[in-house]
Amino acid sequence: MSQRARISFALGILLIAGIVGAASWWIMHPPYGVLFRDLRESDAAEITAALDQMQTPYHLADDGKTILVPDAQVYETRMKLVSQGVPKGGSVGFELFKDSDYGVTEFAQKINFQRALQGELERTISALDEVASARVHLTIRRTDLFQPEQDPSKASVTLNLRPGKHLDAREVAGIQRLVASAVEGLAPEAVVVLDDKGMVLSGYAAEGQNAALSSDSLDAQTQMENQLRTRVGELLHRVLRTDNFTVSVDVSLDYDHVKQVREQLIAQGKDGNGLLVHEKVSSAGHGADDADPEHSKAGSTSSDRDVEYAHGREQEEVEQAPGRVGRISVGIVIPATLQQGEISKLTEVVSAALGLDASRGDKVDIAAIAPPELVSTPAASTGAATSAVSRIDAANANASTVDDAASSAVVASKYWWIYPVIAALVLFLVGALLMAVRTGTPRRLTMSEREAALLRLRQWIETPEVER
């Protein structure tokens, strides 16, 4: 082979080795996609057991909370698991009665029914977007012939919310009604809803006539505060020509049922004393003495008048509906750019815009505290949001890095034999290339060898050709 052919042969071998190495790398590092994330340990164990039965390759990431499978099999595997009812959420539903034994006692059947009902409620509540997992505990009232009067059914629900999610009052009330509708003899007020921190999310009612805030009252209060805050914000934006201010609104709503009865007299007649119904006048006395011809001594008389008037009565009964405004307090912080007279005028304008009543205890307090260059609420919010986004991106990048490292480690452990094969192939190619280069390069002659060769060449040229 010529030197050019040998170089081409070596380059071809290197190209083949590169293709083999790239194919091996692609086989060892297939693209993986997320099958499930944010899993509990029980759910992850159940899913991995099902994947082992399906002989689907997978690996775990994020401390076992995330399961990854080949990207081309993500949706197919997910549908297969859902069709099998995996994961079940660590709870047992009505499939508990699928293979029930005939020798089970009535007490055991009741306990199994309670477990199945709790499991079904847990699955339904966990289906909400804000809820990561749920635990339901039921105390079901048992009907007894000898104890007809028993305590009503009760229930408690513990919710594990997803990061950054929360439940409003209406959603909590919906969970209460859901659990109450599934259990016989259970009232929605008897369902206690807790979060993962032990805080009570459900509304409660005290005994007697005093009732606590319900879900509707909380929503109404929040909605009214938001409306008033928006109205004040628009007004200040037009006056200050900037968003460099802070508005806080607190609304106190009164949900007491108040009933007032008022009774008063109605003025009648000309003088307002009433209508004349009966009048009786009686007089008593004696006249002049007949022995006194000149009537020098006058007779004495007395009169008595008895008058009866009729008066009209007006009775008014007023019942105030719950939910009326008890008090409104508004606090505003603005930059120190307005004079005291302007601040007083702005206070009057805000009071008139919100319809505040001083006799009710409503109050507006406007404070000019910080200069404009020190208070930068929008910039601070933007900076905080930017930093939060940066932290989220960094967390996602770290998570992806961890996933890639875990994927590489798992796949490398499965295909360990490829590394020795590639190393041997590379050594063989390097040796072949060195031999080809060494064989193709001629050895340089020394000076004496070069002179002897030139002498032999000159003799060969000078030697006459012998004809035969």
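Between ILE369 and ALA452, full extension at 0.36 nm per residue minus the direct alpha carbon distance yields a gain of 19.2 nm.
Rolling a 1.4 Å probe over the protein heavy atoms of the range 28-76, with every protein chain left in place, gives an accessible area that is 47 percent carbon and sulfur.
Checking every one of the GluC sites (Glu not before Pro) in the range 108-200 against DSSP loop status and a limit of 15 other Cβ atoms within 10 Å picks out GLU130, GLU149, GLU184. Accessible surface for LEU455 stands near 90 Å², nearest 10, in the context of the full protein assembly shown (1.4 Å probe). Close amide H partners of LEU253, meaning residues 5 or more places away or on another chain with modelled amide H under 5 Å apart, are GLY326.
If ligands, DNA and RNA are left out, what is the accessible area of ILE461 with a 1.4 Å probe, given in Å² to the nearest 10? Result for ILE461: roughly 110 Å² accessible.
Placing pseudo-labels 7 Å out from each Cα toward the beta carbon at GLU319 and THR139 gives an inter-label distance of 3.4 nm. Counting only protein heavy atoms, what percent of the accessible surface of the range 153-207 is carbon or sulfur at a 1.4 Å probe? The value for the range 153-207 is 53 percent carbon and sulfur by accessible area.
The values are calculated or read from the model by the stated rules, or taken from the named source; none is laboratory data. If you're wondering where the values come from, they're calculated on a predicted model, not measured in any experiment. Backbone-built Cβ (ideal geometry, glycine too); neighbour counts: all protein chains shown. These accessible areas exclude ligands, DNA and RNA; they are computed on the full protein's heavy atoms, side chains included. Shrake-Rupley method; radii C 1.70, N 1.55, O 1.52, S 1.80 Å.
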